[in-house]
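Q: I'd like to ask you about the structure that follows.
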Amino acid sequence: MSYLIAIGGKGGVGKTTVAGLLVARLIARDRGPVLAVDADPNTCLDAVLGVKAQVTVGGVREQARQIAGQGLPTGISKQQLLELKIAESLVEADRFDLVAMGRPEGPGCYCYANNVLREVLAQLAAQYPYVVLDNEAGLENLSRRLVNTVDLLVLVTDPSQRGLETLRRLHALAREMDIRYSHLVLVVNRVRRDELPRGLAELGAELGAEQVLGLPDDDELARLGEEGASVLTLPATNPVAQRLEALVAWAVGGG
Ligand SMILES: Nc1ncnc2c1ncn2[C@@H]1O[C@H](COP(=O)(O)OP(=O)(O)O)[C@@H](O)[C@H]1O
Ligand SMILES: [Mg+2]
């Protein structure tokens with residue numbers, strides 16, 4: 001069984017950065033190969049990990065729909081076609097692979113394709129000891145297109161009081177969407193002067209989070225973002241990397 005880590009939060013708070021750094025910390029612990037799933041069409045986990053996803057799962061679904069519309073080659077089922085196409089869309093890198101979900105479907109019925117895709121993706125994910133999912137704010141992929149059960153749910157926010165409200169809302173959303181998790185961690189990103197927002201510990205207790213974690217606003221990380229460089233180049237001594245190292249050690253154990 002793979003260990004699934006899902007990251008959620010509204011746009012711009014640092015989800016993709018955290019997802020990328022978690023992949024980096026897992027790799028550093030020799031926990032690879034890791035499957036990184038870019039499930040946020042608005043930001044690019046591939047770029048943050050220094051690779052390029054040419055084909056997305058959304059694109060695969062569309063292609064499969066078109067091919068199926070023209071009649072499938074004999075001896076091939078729609079499921080096999082989707083399996084082949086997903087395999088084609090997988091980006092293979094050093095100690096991690098990446099698959100990008102792409103944009104959600106337009107109008108029309110995609111239920112069948114989505115069901116098959118979910119199965120194909122689950123089979124793919126099962127081949128990796130660790131899977132890191134970078135989600136969009138609505139957690140749509142978690143509820144509909146991917147998995148609804150994860151080992152670790154990491155909710156990320158900014159260090160404002162409104163950011164804390166966002167965490168409460170996201171937690172409620174996860175409940176509503178019946179997203180299940182074994183462990184919950186709240187991350188407040190881009191904290192200055194090491195001050196966590198007032199009420200964070202209480203909120204953590206209220207939501208049943210096992211950890212509340214502040215990540216410093218870090219120049220080195222900001223520069224990587226500005227330059228579009230991979231977070232895999234961030235040294236292990238960086239303060240944000242160190243905090244996430246501790247989180248990974250807590251979540252998946254030493255060794
Ligand atoms: N702790 C941090 N310190 C400095 N810059 C950060 C930090 N976390 C994220 N950033 C920067 O903030 C920007 C948005 O981060 P990103 O991970 O893309 O957010 P999201 O995925 O939530 O939209 C990026 O340019 C990233 O480099
Ligand atoms: Mg993102």
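Q: Can you pull out every residue in segment 49-59 that is buried (at least 16 other Cβ atoms within 10 Å of the Cβ) and either touching a Cys at 6+ places or on another chain (Cβ under 9 Å) or not aliphatic (A, V, I, L, M) (or both)?
A: The first filter runs over segment 49-59 and keeps only residues buried (at least 16 other Cβ atoms within 10 Å of the Cβ), leaving 49, 51, 53, 55-59.
A53, T56, G58, G59, listed by residue number.
Q: Still on this structure: When you look at A122, is it within 16 Å of ligand 1 (Cβ to nearest atom), within 15 Å of the chain's Cα centre (by Cα), modelled with pLDDT of 80 or more and not in a strand (DSSP E or B), yes or no? I'd like the intermediate steps shown before the answer.
A: Numbers: within 16 Å of ligand 1 (Cβ to nearest atom): no; within 15 Å of the chain's Cα centre (by Cα): yes; modelled with pLDDT of 80 or more: yes; not in a strand (DSSP E or B): yes.
When the stated conditions are applied, A122 does not pass them.
Q: OK, next. Within segment 198-216, is even one residue among the hydrophobic types (A, V, I, L, M, F, W, C) and touching a Phe, Trp or Tyr at 6+ places or on another chain (Cβ under 9 Å)? First the steps, then the outcome.
A: Step one: filter segment 198-216 for residues among the hydrophobic types (A, V, I, L, M, F, W, C), giving 200-201, 203, 205, 207, 209, 212-213, 215.
Going one step further and asking which of them are touching a Phe, Trp or Tyr at 6+ places or on another chain (Cβ under 9 Å), we end up with none.
Looking through segment 198-216, none of the residues is among the hydrophobic types (A, V, I, L, M, F, W, C) and touching a Phe, Trp or Tyr at 6+ places or on another chain (Cβ under 9 Å).
Results for (1) part of a strand (DSSP E or B); (2) crowded, with 18+ Cβ neighbours inside 10 Å; (3) in contact with a strand residue (DSSP E or B) (Cβ under 8 Å, 6 or more places away or on another chain); (4) not small (G, A, S), shown as yes or no for each residue.
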residue	(1), (2), (3), (4)
E165	no, no, no, yes
Y181	yes, yes, yes, yes
R193	no, no, no, yes
G214	yes, yes, yes, no
R223	no, no, no, yes
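Q: I'm checking my understanding of the structure. Among residues of segment 1-14 that are within 6 Å of ligand 1 (Cβ to nearest atom) and more than 15 Å from A39 (Cβ to Cβ), which one is modelled with the lowest pLDDT? Before the answer, list the steps.
A: In the first step, residues of segment 1-14 are kept if they are within 6 Å of ligand 1 (Cβ to nearest atom); the result is 9, 11-14.
Remaining after also requiring more than 15 Å from A39 (Cβ to Cβ): 12-14.
Details: G12: 92, V13: 95, G14: 96.
Result: G12.
Q: Looking at the structure I just gave you, is R65 among the charged types (D, E, K, R) and in a loop (DSSP other than H, G, I, E, B)? Don't jump to the end; show me each part of the working.
A: Numbers: among the charged types (D, E, K, R): yes; in a loop (DSSP other than H, G, I, E, B): no.
Against the criterion (among the charged types (D, E, K, R) and in a loop (DSSP other than H, G, I, E, B)), R65 does not qualify.
Each row is one residue, and each column tells you yes or no for (1) part of a helix (DSSP H, G or I); (2) away from ligand 2 (no atom under 13 Å from the Cβ).
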{"residue": "G12", "(1), (2)": "no, no"}
{"residue": "A19", "(1), (2)": "yes, no"}
{"residue": "V23", "(1), (2)": "yes, yes"}
{"residue": "D30", "(1), (2)": "no, yes"}
{"residue": "N42", "(1), (2)": "no, no"}
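Q: Taking the stated definitions as given, is E62 surrounded by 12 or more Cβ atoms within 10 Å (Cβ to Cβ) and either within 17 Å of L117 (Cα to Cα) or at pLDDT 85 or above (or both)?
A: Working: surrounded by 12 or more Cβ atoms within 10 Å (Cβ to Cβ): yes; either within 17 Å of L117 (Cα to Cα) or at pLDDT 85 or above (or both): yes.
Yes: the conditions hold for E62.
Q: A follow-up question, please. From E206, E176, E220, E245, which residue is at pLDDT 95 or above and more than 24 Å from I27 (Cβ to Cβ)? Working first, answer last.
A: Working: E176 fails: at pLDDT 95 or above; E220 fails: more than 24 Å from I27 (Cβ to Cβ); E245 fails: more than 24 Å from I27 (Cβ to Cβ).
Matching residue, one of E206, E176, E220, E245: E206.
Q: Then there's this: Out of curiosity, is L35 assigned to a helix (DSSP H, G or I) and within 26 Å of L155 (Cβ to Cβ)?
A: Details: assigned to a helix (DSSP H, G or I): no; within 26 Å of L155 (Cβ to Cβ): yes.
In short, no.
Q: Continuing with this model, one more query. I'd like to check something: does segment 180-196 contain any residue that is more than 11 Å from A6 (Cα to Cα), modelled with pLDDT of 95 or more, of a type in the set (V, I, T) and under 15 Å from the mean Cα position of the chain (by Cα)?
A: yes
Q: Select from segment 206-239 the residues that are closer than 24 Å to L170 by Cα and more than 16 Å from ligand 2 (Cβ to nearest atom) and list them in ascending order. Spell out how you get there, then give the answer.
A: Start the filter on segment 206-239 by keeping residues that are closer than 24 Å to L170 by Cα, which leaves 206-217.
The answer is E206, L207, G208, A209, E210, Q211, V212, L213, G214, P216, D217.
Q: Residue pairs, Cβ under 9 Å, 6 or more apart or interchain, first in segment 4-29 and over 22 Å from L170 (Cα atoms), second assigned to a strand (DSSP E or B) and within 13 Å of ligand 2 (Cβ to nearest atom). List them.
A: Here the result reads V23/A36; V23/V132; L26/V132, each pair linking segment 4-29 to a residue that is assigned to a strand (DSSP E or B) and within 13 Å of ligand 2 (Cβ to nearest atom).
Q: From the list G75, G50, G59, which one is more than 16 Å from ligand 2 (Cβ to nearest atom), over 15 Å from the mean Cα position of the chain (by Cα) and not in a helix (DSSP H, G or I)? Please lay out each step first, then the result.
A: On the way: G50 fails: more than 16 Å from ligand 2 (Cβ to nearest atom); G59 fails: not in a helix (DSSP H, G or I).
Testing whether each residue is more than 16 Å from ligand 2 (Cβ to nearest atom), over 15 Å from the mean Cα position of the chain (by Cα) and not in a helix (DSSP H, G or I) leaves just G75.
Q: In segment 15-30, how many are farther than 19 Å from T237 by Cα and either away from ligand 1 (no atom under 12 Å from the Cβ) or surrounded by fewer than 24 Cβ atoms within 10 Å (Cβ to Cβ) (or both)?
A: Number satisfying all stated conditions: 0.
Q: So D218 passes all but one of these: (1) under 21 Å from R192 (Cα atoms); (2) surrounded by 14 or more Cβ atoms within 10 Å (Cβ to Cβ); (3) more than 9 Å from ligand 1 (Cβ to nearest atom); (4) not aliphatic (A, V, I, L, M). Which condition number does it fail?
A: The number of the failed condition is (3).
The values are calculated or read from the model by the stated rules, or taken from the named source; none is laboratory data. Quick caveat, the model's predicted, so the values are computed rather than measured. Cβ: placed from backbone, ideal geometry, glycine included. Neighbour counts: every protein chain shown.
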